[in-house]
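Report on one structure; see the data block that follows.
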Amino acid sequence: MNKEIISSKELDESYTIVHHPSGLDIMMWKKDGFSTVEALFGTKYGSMNNYFRTDDTGDFIRVPDGIAHYLEHKLFESDDNSNVFEQYARTGAAANAFTSTDITAYVFSCTDNYEKALEILLGFVQSPYFTEENVEKERGIIAQEIKMGDDSPTRKCFKELLRGLYVNNPIRIDVAGTVESIQQITPELLYKCYNSFYNLHNMTLSIAGNIDEDKVIEICDKMLKPSSDVHLESRFPDEPDEVCQKRICTNAAVGLPVFAIGFKSEPLSGKEYVKRSFIAAMLLEQILGQTSPLYNELLEQGLISSGTSTFVYTSADRYFCCIIEGESKDPDLVNQRICQEIKRLEKEGIDTKRFEIDKRVRYGEKISSINDVKACADAMLYYHMDCDDVTLFEDVDMIASLTAEECQQAIPQLFDVEKNTISIVKNKQ
């Protein structure tokens, strides 16, 4: 059994990676003095992975949109009608799961009995049970979830933004799929996707908190069902540099129009991907952070509300975009002012004093997160699955070494106003 210790002398912290004979990578971070445990059992499988092949499928196959999310729902059912959530409740653990564009993960947190909770986690995720009856039963539930999402102006606005930014990239696909696409999902397709993506060679267990590493390995030895590498390969369409649409406007019952503004840039991987993510977030703070001149001008002029937010939406090698969301009586004018501010910053330079303050804040947040068991477990899974050769502790060093000059130089790549899209949801005229 191959074991690695990932450590930081500066932070006096370390975690362990075990490459288990079953094929699973196990990440363990023992946190002395903490009373809680957080665990995630994840697979590199999300809404984007709709075109793939393995040794078993031979040629590439296309599966319906939303099937990864559908599969996540169905794994909580078993052939003996036992309720996974009730099993967790008896141990005192709280459980959940999520599907994103590229990861599906099953989660529990607890203060006691983590050993039993871990057995439950490893047990049900490795025990799929799909029948015509239970798959059909779920169809109505997920269809209702999709319709509820469509009724949310903010979510609708974001979905349309992605469709405007990207031409072919499957990020255009909603994680839950559509009411039409989920009608095509069958037990046979669910088993095919499960056997392809829930192979332990494609999965990671991340656990942090008040744990005994030897006990975790003992439970894994007992519960894991060894699997052969099926040589899974996903295929994604080529994506042009330009955006699909510069402006999209849809209608819904809203007070003020809702907007989402995006800037599309080249996807990256590894250390450059992680570093560029930090740079993008810091540039968003310069452009429309709550201490920026433009934010306060637009707020005073009644063009944005205090709920306006910014974030970086990205996945290694797949997509990278910077997004600004909010409400405005004139979203197009807000977009125009943002593009003007980007050009000003590119020409005149960013505010170095604000940059240094923001950098210290982000560095402090990273250090503080090490004292959060949930943050530790989440970060181990994320860095291992999405960041290639980057270790969890390297991001702290990356933030510490960032310079204002690096951020300045990245503006043209990250905020090209020609690769800008605005999505607006407003009332019908």
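A few notes on this one:
- Contacts under 8 angstrom Cβ, first residue in the range 377-397 being more than 18 Å from TYR319 (Cα to Cα), partner at pLDDT 90 or above and part of a loop (DSSP other than H, G, I, E, B), 6 or more apart: LEU381/ILE103
- For the residues LYS156, LYS147, the requirement of being touching a Gly at 6+ places or on another chain (Cβ under 9 Å) and not aromatic (Phe, Trp, Tyr) singles out LYS156.
- Of MET1, MET27, MET48, all but one fail to be surrounded by fewer than 16 Cβ atoms within 10 Å (Cβ to Cβ), in contact with a helix residue (DSSP H, G or I) (Cβ under 8 Å, 6 or more places away or on another chain) and not basic (Lys, Arg); the exception is MET1.
- Unmet criterion (only one of (1) closer than 15 Å to LEU189 by Cα; (2) touching a helix residue (DSSP H, G or I) at 6+ places or on another chain (Cβ under 7 Å)) for ARG155: (1)
- Within the range 240-251, residues that are surrounded by 15 or more Cβ atoms within 10 Å (Cβ to Cβ) sit with their Cβ atoms under 8 Å from residues that are assigned to a loop (DSSP other than H, G, I, E, B), at 6+ positions apart or across chains, in these pairs: VAL243/TYR166; VAL243/VAL167; CYS244/TYR166; CYS244/VAL167.
- Pairs with Cβ under 9 Å, 6+ apart, first in the range 335-358 and of a type in the set (Ser, Thr, Tyr), second surrounded by 13 or more Cβ atoms within 10 Å (Cβ to Cβ) and part of a helix (DSSP H, G or I): THR352/ALA404
- For GLU365: the one exception among (1) under 30 Å from PHE41 (Cβ atoms); (2) without any contact (Cβ under 8 Å) to a residue 60 or more places away in the chain; (3) surrounded by 17 or more Cβ atoms within 10 Å (Cβ to Cβ): (3)
- Selection within the range 252-294 - free of Cβ contacts under 8 Å to residues at least 60 places away in the same chain, over 30 Å from MET385 (Cα atoms) and in contact with a Ser or Thr (Cβ under 7 Å, 6 or more places away or on another chain): LEU288
- Looking across the range 176-189 at every residue that is surrounded by 21 or more Cβ atoms within 10 Å (Cβ to Cβ) and of a type outside the set (Gly, Ala, Ser), the one that is nearest to PRO128 (Cα to Cα) is identified as ILE185.
- Residue match in the range 90-101 (condition: surrounded by fewer than 21 Cβ atoms within 10 Å (Cβ to Cβ), at negative phi and among the aliphatic types (A, V, I, L, M)): yes
- Test: THR403 is modelled with pLDDT of 95 or more, more than 17 Å from the chain's Cα centre (by Cα) and not assigned by TED's automatic domain parsing to the domain that holds LEU205: yes
- Among the residues of the range 301-315, not a single one is in a loop (DSSP other than H, G, I, E, B), of a type outside the set (A, V, I, L, M), under 27 Å from TYR382 (Cα atoms) and touching a residue at least 24 places away in the same chain (Cβ under 8 Å).
- Taken over the range 64-108, the residue count meeting the criterion of being within 24 Å of ASN50 (Cβ to Cβ), in a helix (DSSP H, G or I) and in contact (Cβ under 8 Å) with a residue 40 or more places away in the chain is 7.
- Members of the range 340-358 that are surrounded by fewer than 19 Cβ atoms within 10 Å (Cβ to Cβ), out of contact with any Asp or Glu (no Cβ under 9 Å at 6 or more places or on another chain), part of a helix (DSSP H, G or I) and not β-branched (Val, Ile, Thr): GLN340, LYS343, ARG344, GLU346, LYS347, GLU348, LYS353, GLU356
- Residue list for the range 125-172, filter: out of contact with any Pro (no Cβ under 7 Å at 6 or more places or on another chain), more than 20 Å from ASN251 (Cα to Cα), among the hydrophobic types (A, V, I, L, M, F, W, C) and surrounded by 19 or more Cβ atoms within 10 Å (Cβ to Cβ): VAL125, ILE142, ILE171
- Residue check: ILE6 meets all listed conditions (1) out of contact with any Gly (no Cβ under 7 Å at 6 or more places or on another chain); (2) over 22 Å from ALA97 (Cα atoms); (3) not in a strand (DSSP E or B) but one, namely (3).
- Against the conditions (1) assigned to a loop (DSSP other than H, G, I, E, B); (2) in the same structural domain as PHE130 (by TED's automatic domain parsing); (3) over 16 Å from ALA68 (Cβ atoms), LYS156 satisfies every one except (1).
The values are calculated or read from the model by the stated rules, or taken from the named source; none is laboratory data. Quick caveat, the model's predicted, so the values are computed rather than measured. We place every Cβ from the backbone using ideal geometry, glycine too, and count neighbours over all the protein chains shown.
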